[in-house]
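K.L.:
Let me begin by handing over the structure; questions about it come next.
The values are calculated or read from the model by the stated rules, or taken from the named source; none is laboratory data. These numbers come from a predicted model, not from an experiment. Don't worry about glycine lacking a Cβ; one is built from the backbone with ideal geometry, like all the others, and counts go over all protein chains shown.
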Amino acid sequence: QLVLGIESSCDETGLALYHSQKGLLAHALHSQVDLHARHGGVVPELASRDHIKRVLPLLNEVLHQAGAQRQDIDAVAYTAGPGLVGALLVGAAIGRSLAWALQVPAVAVHHMEGHLLAPLLEDPAPEFPFIALLVSGGHTLLVDVKGLGDYQVLGESLDDAAGEAFDKTAKLLHLGYPGGPALARLAQQGNPQRFRFPRPMTDRPGLDFSFSGLKTHALTTLRETPEDATLAADIARAFEDAVVDTMVIKCRRALRVTGRKRLIISGGVGANQRLREQLSLMGQAEGAAVFYPRIQFCTDNGAMIALAGALRLAAGDTENAGHIDVRARWTLEDLSALPMPA
Ligand code: ATP
Ligand code: MG
Ligand code: FE
């Protein structure tokens, strides 16, 4: 079965074709980063309008890549939330219309389920159950993934999401928008010995996170230290080390309390090289296997939505047939368990 995936929850338009036997056949992405950069953040109305312009050309592109026709599509999966309502509606309306015209099923996909399943696009793919660290622009979640649709949130951020903390700290270091990747690059030149930032909420039990204090810590350090050539890089390094270390501690704790032997990391911050390295080292020490999607599938993409749609379809997900419906807010725990297709 050939499943088309459409992602349009925020500032990336992503389309992909996933075949249930042959795997991923094609994917294409348009990022609106340049469109929003001069506003210093995503402007929802501009995002919606741009998605409208991009979806059909990207559809033609993935069909061309896969050497397929529209008529070959057996189902359409689209992101139904959480995200920006206007942006979501574009993918949902086009996805459902296309499915209706082709007389094939449409599958509404939870964006974070997409992130969570993205490592299954790789070889070797993790088997259920596993612990998922989902760290993106809007979310920081530790999830016990028992099976497809069977998710228990073990911990989350009480304030800023991980990616948001990277972006805000990057902004105060004048690194532009979105600053996460730029901050990570600058941190490579930083001296890890110069500043030591706190590891928030690691000295007490529990799996929740808090990142807004680190951003404040970065600001205070910047203000109180006389300017020198390496100050920004050293702050970037101290910030990154603190975030990475905190995540390593929480992931180790999650593996220990649940007894799970597999860990996956996904979402935009999962592209962070130091995080990937440190979590792999922790996994080795704990006897747990660690999985990541390739870097380009850590951030938003259509491939993860097509994959989630294909798995849901094979598991008989028909619960969301019907009208166009999207949700700005939607917790993973609202989903219900489905049998994993063989
Ligand atoms: P959500 O998935 O919660 O709705 P989103 O889709 O906007 O949010 P993603 O596209 O998954 O988020 O990730 C974008 C975030 O990842 C941004 O905050 C960006 O700064 C961050 N990011 C990307 N690459 C890196 C990196 N190498 N290091 C740190 N952060 C990064
Ligand atoms: Mg994005
Ligand atoms: Fe995302």
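K.L.:
Considering only the range 117-132, how many residues are assigned to a loop (DSSP other than H, G, I, E, B) and of a type in the set (Gly, Ala, Ser)? Break it down stepwise before answering.
P.N.:
Here is the first cut: in the range 117-132, the ones assigned to a loop (DSSP other than H, G, I, E, B) are 122-129.
Now restrict to residues that are of a type in the set (Gly, Ala, Ser): 125.
Looking only at that region, the number is 1.
K.L.:
Within the range 299-318, how many residues are part of a loop (DSSP other than H, G, I, E, B), β-branched (Val, Ile, Thr) and either within 16 Å of ligand 2 (Cβ to nearest atom) or buried (at least 24 other Cβ atoms within 10 Å of the Cβ) (or both)? Give the derivation first.
P.N.:
Applying the first criterion (part of a loop (DSSP other than H, G, I, E, B)) to the range 299-318 yields 299-301, 315-318.
Applying the additional criterion that residues be β-branched (Val, Ile, Thr) yields 299, 318.
Retained after the next criterion (residues that are either within 16 Å of ligand 2 (Cβ to nearest atom) or buried (at least 24 other Cβ atoms within 10 Å of the Cβ) (or both)): 299.
Summing the residues that are part of a loop (DSSP other than H, G, I, E, B), β-branched (Val, Ile, Thr) and either within 16 Å of ligand 2 (Cβ to nearest atom) or buried (at least 24 other Cβ atoms within 10 Å of the Cβ) (or both) in the range 299-318 gives 1.
K.L.:
Which of the residues belonging to the range 224-266 are outside any helix (DSSP H, G or I) and in contact with a helix residue (DSSP H, G or I) (Cβ under 8 Å, 6 or more places away or on another chain)?
P.N.:
Taking the range 224-266 and keeping what is outside any helix (DSSP H, G or I), we get 225-230, 259-266.
Scanning the range 224-266 gives 225, 260, 261, 263, 264, 265, 266.
K.L.:
Same structure, new question: Quick check: is even one residue across the range 57-76 small (Gly, Ala, Ser) and within 16 Å of ligand 2 (Cβ to nearest atom)? If you could, list the steps in order and put the result at the bottom.
P.N.:
The initial filter retains those residues of the range 57-76 that are small (Gly, Ala, Ser), namely 66-68, 75.
Those left that are additionally within 16 Å of ligand 2 (Cβ to nearest atom): none.
No, every residue in the range 57-76 fails to be small (Gly, Ala, Ser) and within 16 Å of ligand 2 (Cβ to nearest atom).
K.L.:
Let me ask another. Would you check which residues across the range 114-132 are within 16 Å of ligand 1 (Cβ to nearest atom) and over 9 Å from the mean Cα position of the chain (by Cα) and list them?
P.N.:
Of the range 114-132, the ones within 16 Å of ligand 1 (Cβ to nearest atom) are 114-119, 121, 132.
Matches in the range 114-132: 117, 119, 121, 132.
K.L.:
Assuming residue 35 fulfils every condition listed in (1) at pLDDT 95 or above; (2) within 13 Å of ligand 2 (Cβ to nearest atom) apart from one, which condition is it?
P.N.:
Of everything listed in (1) at pLDDT 95 or above; (2) within 13 Å of ligand 2 (Cβ to nearest atom), residue 35 misses just condition (1).
K.L.:
A follow-up question, please. Could you look through the range 267-298, keep only residues that are out of contact with any His (no Cβ under 9 Å at 6 or more places or on another chain) and part of a loop (DSSP other than H, G, I, E, B), and pick out the one that is farthest from residue 252 (Cα to Cα)?
P.N.:
294
K.L.:
Consider the range 133-164. How many of its residues are hydrophobic (A, V, I, L, M, F, W, C), more than 15 Å from the chain's Cα centre (by Cα) and not in a loop (DSSP other than H, G, I, E, B)?
P.N.:
To start, the set of residues in the range 133-164 that are hydrophobic (A, V, I, L, M, F, W, C) comprises 133-135, 141-143, 145, 148, 153-154, 158, 161-162.
Pick out the ones that are also more than 15 Å from the chain's Cα centre (by Cα) and you get 145, 148, 153-154, 158.
Pick out the ones that are also not in a loop (DSSP other than H, G, I, E, B) and you get 145, 153-154.
Going through the range 133-164 one residue at a time, the tally reaches 3.
K.L.:
Return the pairs, sorted by first residue and then second, in which the second residue is surrounded by fewer than 23 Cβ atoms within 10 Å (Cβ to Cβ), the first residue lies in the range 240-252 and is among the polar types (S, T, N, Q), the beta carbons are less than 7 Å apart, and the residues are 6+ apart or on different chains.
P.N.:
What qualifies is 246/199; 246/200; 246/202.
K.L.:
Starting from residues that are within 16 Å of ligand 1 (Cβ to nearest atom) and hydrophobic (A, V, I, L, M, F, W, C), keep the ones in the range 4-24 and report whichever is farthest from residue 87 (Cα to Cα).
P.N.:
The first filter runs over the range 4-24 and keeps only residues within 16 Å of ligand 1 (Cβ to nearest atom), leaving 5-16.
Still in the running and hydrophobic (A, V, I, L, M, F, W, C): 6, 10, 15-16.
Numbers: 6: 11, 10: 6, 15: 14, 16: 18 Å.
In this case the residue turns out to be 16.
K.L.:
What do you reckon, is residue 64 more than 16 Å from ligand 3 (Cβ to nearest atom) and out of contact with any Pro (no Cβ under 9 Å at 6 or more places or on another chain)?
P.N.:
On the way: more than 16 Å from ligand 3 (Cβ to nearest atom): yes; out of contact with any Pro (no Cβ under 9 Å at 6 or more places or on another chain): yes.
Yes; evaluated as a whole, the condition is true for this residue.
K.L.:
Please pick out the residue among 221, 202 that is in contact (Cβ under 8 Å) with a residue 24 or more places away in the chain, polar (S, T, N, Q), outside any loop (DSSP other than H, G, I, E, B) and surrounded by fewer than 20 Cβ atoms within 10 Å (Cβ to Cβ).
P.N.:
On the way: 202 fails: outside any loop (DSSP other than H, G, I, E, B).
When all the criteria are applied, what remains is 221.
K.L.:
Considering the range 49-86 alone, what residues qualify as being among the hydroxyl-bearing types (Ser, Thr, Tyr) and farther than 16 Å from residue 19 by Cα?
P.N.:
Going through the range 49-86, the residues among the hydroxyl-bearing types (Ser, Thr, Tyr) turn out to be 78-79.
Passing the criteria: only 79.
K.L.:
Identify all residues within the range 127-152 that are more than 19 Å from residue 240 (Cβ to Cβ), of a type in the set (A, V, I, L, M, F, W, C) and surrounded by 18 or more Cβ atoms within 10 Å (Cβ to Cβ); write none if there are none.
P.N.:
Within the range 127-152, 130, 131, 132, 141, 142, 143, 145, 148 meet the criteria.
K.L.:
Which one is nearest to ligand 1 (Cβ to nearest atom) among residues in the range 25-37 that are under 18 Å from the mean Cα position of the chain (by Cα) and farther than 18 Å from residue 179 by Cα?
P.N.:
So in the range 25-37, the residues under 18 Å from the mean Cα position of the chain (by Cα) come out as 27-33.
Next cut, farther than 18 Å from residue 179 by Cα only: 27-30.
Values: 27: 15, 28: 16, 29: 11, 30: 13 Å.
Taking the candidates together, the pick is 29.
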